[in-house]
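Here is the structure we will look at, set down as structure tokens.
The values are calculated or read from the model by the stated rules, or taken from the named source; none is laboratory data. The structure displayed is predicted, hence computed values, not measured ones. A quick note on method: Cβ atoms are made from the backbone with ideal geometry, for glycine too, and the neighbour counts reach across all protein chains shown. Note: areas computed on protein heavy atoms with side chains; ligands, DNA, RNA excluded. Shrake-Rupley method; radii C 1.70, N 1.55, O 1.52, S 1.80 Å.
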Amino acid sequence: MSSIGTGYDLSASTFSPDGRVFQVEYAMKAVENSSTAIAIRCKDGVVFGVEKLVLSKLYEQGSNKRIFNIDRHVGMAVAGLLADARSLSEVARDEASSFRSSYGHDIPLKHLSDRVAMYVHAYTLYSAVRPFGCSFILGSYDKDDGPQLYMVDPSGISHGYWGCAIGKAKQAAKTEIEKLQMKEMTCRELVKEVAKIIYIVHDEVKDKAFELELSWVGEVTNGRHQLIPEEVRQEAEKYAKDSLEEEDDSDEDNMRWHVSQRLHSTAPAAGESPTERGAFRDKPQGTMLSLQFNHGIV
Amino acid sequence: MLQETGTEWLSQEVKTGTTIIAVEFDGGVVLGSDSRVSAGASVVNRVMNKLSPLHDKIYCALSGSAADAQTIAEVVHYQLDVHSIEIDEDPQVRSAATLVRNISYKYKEELSAHLIVAGWDRRDGGQVFATLSGLLTRQPFAVGGSGSSHVYGFVDAEFRGGMSKEECQQFVVNTLSLAINRDGSSGGVAYIVSIDEHGTEEKVVLGNDLPTFFDQ
């Protein structure tokens, strides 16, 4: 899908001949460079999980949060340029606050999502400004309307979801999310699954240390968005790490098959043994690289 | 006796010296009002409907200055219209009451009107809100206007929780009748509006059909 938009990509107020606004697409690429954030809606709430990469050991633990509180009942997880995301969280807070002031009750999530999406969209119309380089996921729980989940991307589009992922490993995360039966799960069960997914999609090789940010909003918190309490978090992280070890063990058997695949330029025909095709001509280094490739995620 | 040239009423403020009432029952609300509009000692309209719709299932009852009350109701009607389209569902009664309160409070020095907001929504069922002087409070029932002071004793004694819709309608009609009887600024006919999950019903009770009491 990627192509260079030479000449038509200098400002957001220009269409390319094939009908694309390249500045907006470049903004979405900025989101794809960021680490993953996911959110899943279940029977009685919404759980957020963010893979927060720790770029330096000197950072204080818990700094540079990527999950925000918008009013009491709404949570927002972000991916992309963090400064842009922070500014949008302020916009969302102003909208929610002004709604409460005018109408006397919590802002419905769809309406908040529409309003912030409209704001993001406005920045894709003019050459004097650049689009926001972040996507974000909004979630809330209301006793009458139940749990709700919306995602907004840099083009200013907003959709409702049962589960969604943004950031570099969003494809892998989506695959994992699709395996879940979220409509029948409760928040407590879902927290563990969310932690597990973040651990799965985390690339051990390219990105070393990370902090797992988890939060939820649902019946269990009485409709307030909060960070996960310590005991629940520990249980979730333990479950995630344990599941990963189990998968590692089963992966060992699969690895040998994968190695032989990589060493061939074409797949072996059925029944043909790998050794007949000159499998040992490749250098040992090639083998090592391909092992790593399969262990990580793209 | 007072010497009147007869033209003072042209320059006096038009007030809905009034009796208004709204009562909540399980599943909806009943609103009631009289129909007299006075300018000083003159009745300038004897059939005004002081129950004004803000939305399909939210009404407000007007009292105080006729112009101020009507204008607030019209502005809030417009705001609720836009709001319900934006949120893509019927507005909450609390939203309507908050909008009325925001205007009443912001312009409390300039305006002289008290609106009672009552209606039905799917979250909290029937609700009655008083917005006198820019406050906002939910109550089981509310009375307002110049006639209300004559009937506080009656409503305090006779109101009970758990009334049915028909009992509420009777309660409202009795209250209006007693107030009209005693308050010079209230009179005419009684307008009754009943709102519940199934819809809104407007009724008029003509003067001679109002319930009578010991002195009538």
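Structure summary
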| quantity | calculated |
| --- | --- |
| Test: residue in the stretch B:88-104 that is more than 9 Å from chain A (Cβ to nearest Cβ), touching a helix residue (DSSP H, G or I) at 6+ places or on another chain (Cβ under 8 Å), open to solvent by 10 Å² or more (accessible area, probe 1.4 Å) and of a type in the set (A, V, I, L, M, F, W, C) | yes |
| Residue tally, condition buried (at least 18 other Cβ atoms within 10 Å of the Cβ), of a type in the set (Gly, Ala, Ser) and free of Cβ contacts under 8 Å to residues at least 40 places away in the same chain, over the stretch B:174-216 | 1 |
| Strands (runs of 3 or more DSSP E) fully within the stretch A:37-96 counting 2 or more residues that are of a type in the set (D, E, K, R) and within 24 Å of residue A:221 (Cβ to Cβ) | A:45-53 |
| Conditions (1) over 18 Å from residue B:187 (Cβ atoms); (2) touching a helix residue (DSSP H, G or I) at 6+ places or on another chain (Cβ under 8 Å); (3) hydrophobic (A, V, I, L, M, F, W, C): number failed by residue B:67 | (2) |
| Residue identified as of a type in the set (A, V, I, L, M, F, W, C), more than 18 Å from the chain's Cα centre (by Cα) and modelled with pLDDT of 95 or more among B:80, B:99, B:178, B:115 | B:80 |
| Residue list for the stretch A:98-112, restricted to those being in contact (Cβ under 8 Å) with a residue 12 or more places away in the chain and more than 17 Å from residue B:96 (Cβ to Cβ) | A:109, A:110, A:112 |
| Within the stretch A:104-187, strands (runs of 3 or more DSSP E) holding 3 or more residues that are buried (at least 21 other Cβ atoms within 10 Å of the Cβ) | A:134-142, A:146-152, A:163-166 |
| Residue B:111 being within 11 Å of chain A (Cβ to nearest Cβ) and surrounded by 17 or more Cβ atoms within 10 Å (Cβ to Cβ) | no |
| Single match in B:67, B:22 (criterion: among the aliphatic types (A, V, I, L, M), in contact with a Leu (Cβ under 6 Å, 6 or more places away or on another chain) and in contact (Cβ under 8 Å) with a residue 12 or more places away in the chain) | B:22 |
